[in-house]
Amino acid sequence: MINITLPIVGKKERQLIKEVLDSRILASGEYVERFEQSFAKYCGVKFGIANANGTSSLHVSLLMCGIKPGDKVVTTPFSFIATSNSILFCRAEPVFVDIDPKTFNINPVELEKTLKMEKNIKAVLVVHLYGLPCDMDAILKLKKKYKFKLIEDSCQAHGAEFRCRKVGSFGDVAAFSFYTTKNMMTGEGGIVLTNDIKADRYGRQLINHGRDRHSATTVLGYNYRLTNLAAAIGIAQFEQLESRIVKRIANAWKYNEAFKDLDFLQTPYIPENCRHVFHQYTVRISASERKKFIDYLSNNGIGSGIYYNTVLYKQPFYKQLGYRSGLCKEAEKAAGEVLSLPVHPSLSKSDTDKIIEVIRGYKK
């Protein structure tokens, strides 16, 4: 079976983990600081706060932006559940806006409609889904016009760029995940990026039980710290990030060329001003055909995945909160049609050739 994802662990990861074990300093320390500084510099941002995971990164990002109970935060319904759950952690209210059907990202036209209609929008949480940046020109214009805090959910977009500028550098804060299936990983882990020194200090308190530099607890905080062990993996992974992104992009372009004439499959849209890093290579196929196609792939030794098969507000818990179906029609339609294919850098030429051959042999 050609898996949909395959984490890579090499000699450098093992070497650095051994260094940490030998040091006996397994909790946060020097390796965490090295990791923070390297990743923040890579993204063109002054400060990085490494922490437990992508979800904690989102939660801390919202708190750093001053989100309080009762505040409204706009986001997309087409994402992993952590995106909107993090808003609920703050006892704030998620306000869902529909997506652009070509990019799967939040639609700036629909976003402005909501900003005009809804009162007291405190923040917008955009998601660079599958590794493709949102339309940051349009979103930054709206930020200037409507004066909201901007949070980037970059959990799937390490190294992605909009107009040659890394995602994670546009908003007031940005959250990344280093979960084991991401383009780079630490097993579990995350980081919050910001250029605001006051926000950085507050974020560091939030991940460490609310303690300040004098170990006094001055705010309500959490145990969201990253370990040196995880950071050691991250340092090694970071060194390989760019070369692995290049492989992902090459695989994706190979697929796009091979599938461009298939009438049953819609390949990913890539705007000219974006660097898509292909955390997922996601195609569209009709809802009536998708299950048959997945079975066909599986029977021929090819893994696949659906990210995501329902919009966030149709999850049972969100229905209990009063959200109803039909809020975002494009997102709901996409949830019935998307399918991700293996694109990771561990794929060999024979793997990608087989995937192309099998898919081109599919009969509706």
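The values are calculated or read from the model by the stated rules, or taken from the named source; none is laboratory data. Since we're looking at a predicted model, the values are computed, not measured. Cβ atoms come from the backbone with ideal geometry, glycine included; neighbour counts cover every protein chain shown. Just so you know, the surface numbers come from the protein's heavy atoms only, side chains and all, with ligands and any DNA or RNA stripped out. Shrake-Rupley method; radii C 1.70, N 1.55, O 1.52, S 1.80 Å.
Suppose all protein chains stay in the model; what accessible area per residue would a 1.4 Å probe give for the chain, in Å²?
Details: 16290 Å² over 364 residues.
Result: 45 Å² of accessible area for each residue.
Between the listed residues 273, 222, 3, the Cα displaced farthest toward the positive end of the dipole of the chain, a dipole computed from Cβ unit charges relative to the Cα centre, is found at 222.
About the centre of its Cα atoms, the chain shows a dipole size close to 480 debye [charges on the beta carbon of Lys, Arg (+1) and Asp, Glu (-1) only; nearest 20 debye].
The modelled label-to-label distance for the pair residue 181/residue 140, using points 7 Å beyond Cα in the direction of Cβ, is 3.2 nm.
Residue by residue, the stretch 49-66 carries 3J(HN,Hα) couplings of 10, 6, 8, 5, 6, x, 5, 5, 4, 5, 4, 5, 4, 5, 5, 5, 8, x Hz when phi is fed to the Karplus relation 6.51 cos²θ - 1.76 cosθ + 1.60 (θ = phi - 60°); x denotes Gly or Pro.
Grab the beta carbon distance between residue 30 and residue 250, set R0 = 25 Å, and tell me the FRET efficiency rounded to 0.05. Could you put the intermediate results ahead of the total?
Values: r = 35 Å, r/R0 = 1.42.
About 0.10, to the nearest 0.05.
For the pair residue 357/residue 309, report the inter-label distance in nm, with labels modelled 7 Å from Cα in the Cβ direction. Roughly 3.0 nm, to one decimal. Cross-linked pairs 113/147; 113/329; 102/145: Cα-Cα separations exceed 18 Å for 102/145. Distant-in-sequence amide contacts of residue 302, defined by a placed amide H-H separation under 5 Å and a gap of 5 or more residues or a different chain, comprise 2. Please say if the stretch 126-180 is rounded, prolate or oblate, where rounded means a/c under 1.5 for a ≥ b ≥ c the square roots of the C-alpha gyration tensor eigenvalues, and otherwise the choice is prolate for a/b larger than b/c and oblate otherwise? Note, shape of the stretch 126-180 comes out prolate. The value obtained for the stretch 125-269, namely the Cα convex hull volume divided by the number of residues, is 150 Å³ per residue.
Across the alpha-carbon set of the stretch 38-179, the Rg to Rh ratio works out to 0.92, Rh being the Kirkwood radius. Here the accessible area of the stretch 1-100 is 54 percent carbon and sulfur, with a 1.4 angstrom probe and all protein chains present. Within the same chain, aspartates and glutamates fewer than 8 places from residue 198 are excluded, and of the rest, those with a Cα less than 19 Å from its Cα are 33, 36, 152, 172, 212. Karplus-derived 3J(HN,Hα) values for the stretch 296-303, using 6.51 cos²θ - 1.76 cosθ + 1.60 with θ = phi - 60°, are 4, 4, 4, 5, 9, x, 10, x Hz; glycine and proline are entered as x. A straight chain from residue 263 to residue 299 at 0.36 nm per residue would run longer than the Cα-Cα distance by 10.8 nm.
Separation of the stretch 201-241 from the stretch 248-281 is 36 Å, based on Cα centroids.
From the alpha carbon centroid of the stretch 326-364 to that of the stretch 73-100 is 26 Å.
Each principal axis of the Cα atoms in the stretch 4-86 has its own extent, and those three values, largest first, are 48, 33, 26 angstrom.
In this structure the amide hydrogen of residue 50, modeled in the peptide plane, comes within under 5 Å of the amide hydrogens of 192, none closer than 5 places in sequence on its chain. Amide H to amide H, with H built 1.01 Å from N, residue 104 comes under 5 Å of no residue 5 or more places away or on another chain. Taking 0.36 nm per residue of separation and subtracting the Cα-Cα distance, full extension of the segment from residue 118 to residue 286 would add 57.1 nm.
Phi angles of the stretch 37-42 translate, via the Karplus equation with coefficients 6.51, -1.76, 1.60 and θ = phi - 60°, into HN-Hα couplings of 5, 5, 6, 4, 4, 4 Hz per residue; Gly and Pro are given as x.
Spacing of the modelled spin labels on residue 218 and residue 165, each 7 Å from Cα toward Cβ, amounts to 3.1 nm. For the stretch 1-86, trypsin sites (Lys or Arg not before Pro) meeting the loop criterion (DSSP other than H, G, I, E, B) and having at most 11 other Cβ atoms within 10 Å: 24.
The calculated P(r) of the stretch 239-364, using every Cα pair and 10 Å bins from 0, goes 12, 38, 31, 16, 3 in percent.
All Cα-Cα distances of the stretch 278-332, cut into 5 Å bins from zero to the largest, leave 4, 16, 20, 19, 16, 13, 9, 3, 0 percent in each bin in turn.
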